[in-house]
Structures are given as C-alpha cells and as structure tokens.
Amino acid sequence: MCNQFRTPSLAKIKQYLVNDLSLPYVEQTELDFPSQDIFPNQPAPVLLYDGQLHLAVKSWGYASPIDQKPLFNARVERFFDAKPSMWDESFAKRRCLILADQFYESSPQTYTGKNGRRYHERYLFQNPAQPITLIAGIYERDRFSMVTTAPNSTMAPIHNRMPLVIAPDELRQWLFQNFTSLIDRSDIQLTYQKQAHK
C-alpha cells in the first residue's frame with residue numbers, strides 16, 4: 001500500500017492547474033505549503049470541488065473505528081460491493097485529487113542495509129506525460145484517503161495494488177461524474193526507479 005508521496009510546491013500546483021490545464025481554480029484562502037514528502041497523519045493540499053474548484057489542506061488518513069492507526073488507502077472496489085463500507089458516502093459525494101510530484105511503493109524484495117537490518121526495496125513513480133501526477137482521493141471533514149485499484153503492467157511486478165492515477169482529461173469525471181470506467185488503469189503510463197539503499 002502506498003504510504004508516501006511528495007507534494008509539489010503551491011506555485012507549481014497553481015501553474016499546472018491554471019496555466020497548463022486552464023481550470024477554473026479559485027483561491028479561497030492563502031495557503032503556504034512547501035514541496036515535501038507526505039506520510040500518513042500528515043497534512044497535504046488536495047484539490048476538491050464543492051461549487052468551486054479549490055485546494056484544501058487535510059490530513060492523510062481517516063480515523064479508524066478500531067484502533068489509532070489511520071486508514072490512508074481506500075480500495076475503489078469497495079464502493080461497488082453489496083456490503084456497505086465506511087467509504088461509501090465519501091466515494092459517492094466527496095472525491096478529491098491528490099497532487100504529487102511522485103509517489104513511493106515498496107516491493108516484496110528485500111535487501112540488507114549497512115546496519116544489518118532487512119529492508120524492502122522502494123521505488124518512486126511518476127506520470128511521465130505530466131509535471132504533476134494526479135491521484136484519486138476521497139475526503140471526510142479534515143481528512144482524506146488515497147484511492148487504490150488493481151495494478152497495471154508497470155506496477156504489478158512491484159506491488160499488488162496501485163494508486164488510482166487520473167489523467168488530466170479524466171479530472172472532472174473523477175471529481176463529480178460517474179467514475180466506473182476509471183477503475184481499470186491499464187492504459188496509464190508510469191515511470192519508476194529504485195531508491196538508493198540505506
């Protein structure tokens with residue numbers, strides 16, 4: 001499961017949304033957020049539409065009804081299950097987009113670090129066709145979760161799930177239209193590279 005991504009600077013995000021994609025972005029509040037790696041329970045700007053297209057800072061991970069661990073990945077397939085889930089209302093009414101320079105994923109393969117400990121190999125992924133990678137998200141009040149789906153051919157050798165990466169021309173469909181056709185990410189192109197060992 002994805003538990004780390006790097007958010008772009010706000011200047012880069014605004015440049016992409018307004019100049020590159022020509023979106024009707026509205027700056028509701030003055031935000032000051034640097035480019036940095038984001039982990040569960042940390043805040044990050046997400047793009048949402050609630051009458052206006054704008055950024056809002058929310059913390060990564062829904063509160064768990066069982067323990068203190070944040071639920072930071074939501075399987076898109078859960079929305080289509082007959083059995084209700086805690087994600088249903090968010091999938092139906094509160095979708096957002098996570099904006100990332102890159103996201104990270106661990107593979108089952110391990111290596112031994114200089115300290116003698118075993119670590120999983122880590123890879124970083126990007127959308128090579130865009131300066132910012134758009135990832136489907138859902139939110140509830142001041143928290144958001146990353147939406148995942150079955151892996152495509154790029155991700156499958158590394159992990160059995162992948163973030164639901166959204167192409168720019170699918171942005172409106174994810175935010176406020178029927179998103180059923182977005183579940184299959186076979187055609188999404190990603191580049192990746194292995195992180196240096198510790």
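So here's what we get for this one:
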quantity: Structure-based [θ]222 nm, the chain - -39500 (n - 2.57) summed over DSSP H runs of at least 4, per residue, nearest 500; calculated: -2000 deg cm²/dmol
quantity: Among (i) 43; (ii) 35; (iii) 31, the entry that matches percent of Cα pairs over 26 Å apart as calculated here; calculated: (iii)
quantity: Cα-based shape type of the stretch 17-114, given that a ≥ b ≥ c are square roots of the gyration tensor eigenvalues and the cut on a/c is 1.5; calculated: oblate
quantity: Carbon + sulfur, % of accessible area of the chain - ligands and nucleic acids excluded, 1.4 Å; calculated: 48
quantity: Rounded accessible area of His197 (nearest 10 Å², 1.4 Å probe); calculated: 100
quantity: Eligible lysines near Lys93 by straight Cα distance, threshold 30 Å, same-chain separation 8 or greater; calculated: Lys12, Lys14, Lys58, Lys69, Lys83
quantity: Alpha carbon centroid spacing (whole Å) that separates the stretch 111-160 from the stretch 51-82; calculated: 16
quantity: Heavy-atom surface of the chain, accessible at 1.4 Å and reported per residue (Å²); calculated: 51
quantity: Mean Cα-pair separation over length for the stretch 104-198, i.e. relative contact order, pairs under 8 Å, 6 or more apart, %; calculated: 32
quantity: Relative contact order %, the chain, counting alpha carbon pairs below 8 Å whose residues are six or more apart; calculated: 22
quantity: Rounded if a/c under 1.5, otherwise prolate or oblate - the stretch 45-90, Cα gyration tensor axes; calculated: oblate
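The values are calculated or read from the model by the stated rules, or taken from the named source; none is laboratory data. Given the structure is predicted, the values throughout are model-derived calculations rather than measurements. SASA here: full protein model, heavy atoms, side chains in, ligands and nucleic acids out. Shrake-Rupley method; radii C 1.70, N 1.55, O 1.52, S 1.80 Å.
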